[in-house]
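J.: Okay, here's the structure, questions in a sec.
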Amino acid sequence: MRSYYYFFYLLLLYSCQTPKTENSTPVEPLLYQANDLTADSIFTSGIEGPATDANGNIYLVNFQEKGTIGKILPEGKAELFVRLPEGSTGNGIRINPEGNLWVADYTGHNVLEVNVSTKEITIYAHEGNMNQPNDLAIMKNGTLFCSDPKWGDSTGQLWRVDRDGKVTLLEESMGTSNGVEVSPDEKTLYVNESIQLNVWAYELSENGEISNKRLFHKFEDYGMDGMRCDEKGNLYITRYGKGSIAILNPEGELIREVELKGKNTSNIAFGGPEGKTAYVTLQDRGSVESFETEFPGREWSWRQK
């Protein structure tokens, strides 16, 4: 009898094992579930950006101290990339067609260009009438759009920066303009107003002109900050203070809300091996969280072609 029970015990123990074989299918990560990418307080409470390059690196502003740009390597290590000139403080970052960084410098009223190879920093565009260049969006041809809030008055502006560095005011009578993004077909420009809780959509021409402004979506509570599109045209919006990412479909309907661990979500970018990883900056944590999505990000997709 004793040997019978021992045999039964071994059989039960073996059945609980899940040995790996050559034909085993790896477990897919859960979609839309937030995970920590970095520890807390790696960045200051001014953490923004982010932008991912073709090698999987993530660039973000205010690494450990104000006025810096940090770099998170594909394996997750965060390090100082460059210090900005005295008087300059970065906010939104985009990667231009040459692979260099364009950085919204809100204290210097500039868009800076950082050469990723030499780390040389130059002024790509300057406009003294900007309140504080905040977030950036980019077309495939390198045309840049810049939100420009004036927080004290709950007002804002919207600018375009052409490839020659020329700055053009597109709209001046806005609410607190903040997040800005281009649709995958480049026929729509989205701009949100953080205080007024509006998301606006403009018709966008090939040369960066906007027209036919319409209300795309209106929230009832909390704020908004940065936003980005996936390749299907869904718009991912950081809900500042709520600790979530609201996902709107191309018709402006809320189709999902992703809960983050931190509350002050400031910006978002897509990257990872297939472009389906969303990286979110958290100002209350001074860190980055990430989650997996169904579709790659807009910029990630067109940069692969």
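J.: Here are G92, G87: which of them is assigned to a strand (DSSP E or B) and either touching a Leu at 6+ places or on another chain (Cβ under 6 Å) or surrounded by fewer than 13 Cβ atoms within 10 Å (Cβ to Cβ) (or both)?
T.: Numbers: G87 fails: assigned to a strand (DSSP E or B).
G92 is the lone residue from the list that is assigned to a strand (DSSP E or B) and either touching a Leu at 6+ places or on another chain (Cβ under 6 Å) or surrounded by fewer than 13 Cβ atoms within 10 Å (Cβ to Cβ) (or both).
J.: Let me ask another. Across the range 239-259, what is the number of residues that are open to solvent by 10 Å² or more (accessible area, probe 1.4 Å), touching a residue at least 24 places away in the same chain (Cβ under 8 Å) and in contact with a Gly (Cβ under 9 Å, 6 or more places away or on another chain)?
T.: Going through the range 239-259 one residue at a time, the tally reaches 3.
J.: What's the number of the condition F270 fails, among (1) aromatic (F, W, Y); (2) more than 14 Å from the chain's Cα centre (by Cα); (3) within 26 Å of G56 (Cα to Cα)?
T.: (2)
J.: Further, regarding this structure: Taking E48, is it among the acidic types (D, E), closer than 25 Å to E274 by Cα and touching a residue at least 12 places away in the same chain (Cβ under 8 Å)? Give the steps one after another, and end with the answer.
T.: On the way: among the acidic types (D, E): yes; closer than 25 Å to E274 by Cα: yes; touching a residue at least 12 places away in the same chain (Cβ under 8 Å): yes.
Judged against the criteria, E48 is a match.
J.: For the range 143-229, which strands (runs of 3 or more DSSP E) that fit wholly inside it have 2 or more residues that are surrounded by fewer than 16 Cβ atoms within 10 Å (Cβ to Cβ)? Steps first, please.
T.: Working: elements: 144-150, 155-161, 167-174, 177-182, 188-193, 198-204, 210-218, 227-229.
Correct list: 167-174, 210-218.
J.: Turning to a different aspect of this structure: Which pairs have Cβ atoms under 7 Å, sit 6 or more apart or on different chains, and link a residue in the range 188-215 that is under 13 Å from F145 (Cβ atoms) to one that is small (G, A, S)?
T.: Here the result reads T188/A201; Y190/A201; V191/S147; V191/S177; N192/G179; Y202/S211, each pair linking the range 188-215 to a residue that is small (G, A, S).
J.: Can you pull out the residues in the range 58-84 that are in a loop (DSSP other than H, G, I, E, B) and touching a Phe, Trp or Tyr at 6+ places or on another chain (Cβ under 9 Å)?
T.: Q64
J.: So, of the residues in the range 95-111 that are farther than 15 Å from T52 by Cβ and open to solvent by less than 50 Å² (accessible area, probe 1.4 Å), which turns out to be nearest to the chain's Cα centre (by Cα)?
T.: So, considering only residues that are farther than 15 Å from T52 by Cβ and open to solvent by less than 50 Å² (accessible area, probe 1.4 Å), the one nearest to the chain's Cα centre (by Cα) is A104.
J.: Could you list, in sequence order, all residues of the range 230-269 that are hydroxyl-bearing (S, T, Y) and either part of a loop (DSSP other than H, G, I, E, B) or under 26 Å from M139 (Cβ atoms) (or both)?
T.: Of the residues in the range 230-269, the ones hydroxyl-bearing (S, T, Y) are 236, 238, 240, 244, 265-266.
The answer is Y236, T238, Y240, T265, S266.
J.: Somewhere in the range 213-232, is a residue under 21 Å from I72 (Cα atoms), at pLDDT below 95 and not hydrophobic (A, V, I, L, M, F, W, C)?
T.: Taking every residue of the range 213-232 in turn, none turns out to be under 21 Å from I72 (Cα atoms), at pLDDT below 95 and not hydrophobic (A, V, I, L, M, F, W, C).
J.: Hey, can you tell me all the residues within the range 48-95 that are modelled with pLDDT under 95 and among the polar types (S, T, N, Q)?
T.: N55, the sole residue that qualifies.
J.: Considering only residues that are hydrophobic (A, V, I, L, M, F, W, C) and surrounded by fewer than 19 Cβ atoms within 10 Å (Cβ to Cβ), look in the range 54-80 and name the one that is nearest to G297 (Cα to Cα).
T.: Going through the qualifying residues, I end up with A54.
J.: Has the range 116-124 got any residue that is open to solvent by less than 10 Å² (accessible area, probe 1.4 Å) and part of a strand (DSSP E or B)?
T.: no
J.: Mind listing whichever residues of the range 276-305 are in a loop (DSSP other than H, G, I, E, B) and without any contact (Cβ under 8 Å) to a residue 40 or more places away in the chain?
T.: Correct list: K276, Q304, K305.
J.: Taking the range 125-142 as the search range and keeping residues that are under 16 Å from W302 (Cα atoms) and touching a Pro at 6+ places or on another chain (Cβ under 9 Å), which one is surrounded by the most Cβ atoms within 10 Å (Cβ to Cβ)?
T.: So the first thing to find is which residues in the range 125-142 are under 16 Å from W302 (Cα atoms), and the list is 137-142.
If we keep only those that are touching a Pro at 6+ places or on another chain (Cβ under 9 Å) too, we end up with 138, 140-142.
Numbers: I138: 21, K140: 13, N141: 12, G142: 14.
Among residues in the range 125-142 that are under 16 Å from W302 (Cα atoms) and touching a Pro at 6+ places or on another chain (Cβ under 9 Å), the one surrounded by the most Cβ atoms within 10 Å (Cβ to Cβ) is I138.
The values are calculated or read from the model by the stated rules, or taken from the named source; none is laboratory data. None of these values were measured; they are calculated from a predicted model. All Cβ positions, glycine included, derive from the backbone under ideal geometry; neighbour counts span all protein chains shown. Protein only, heavy atoms only, side chains kept; ligands, DNA and RNA dropped before computing areas. Shrake-Rupley method; radii C 1.70, N 1.55, O 1.52, S 1.80 Å.
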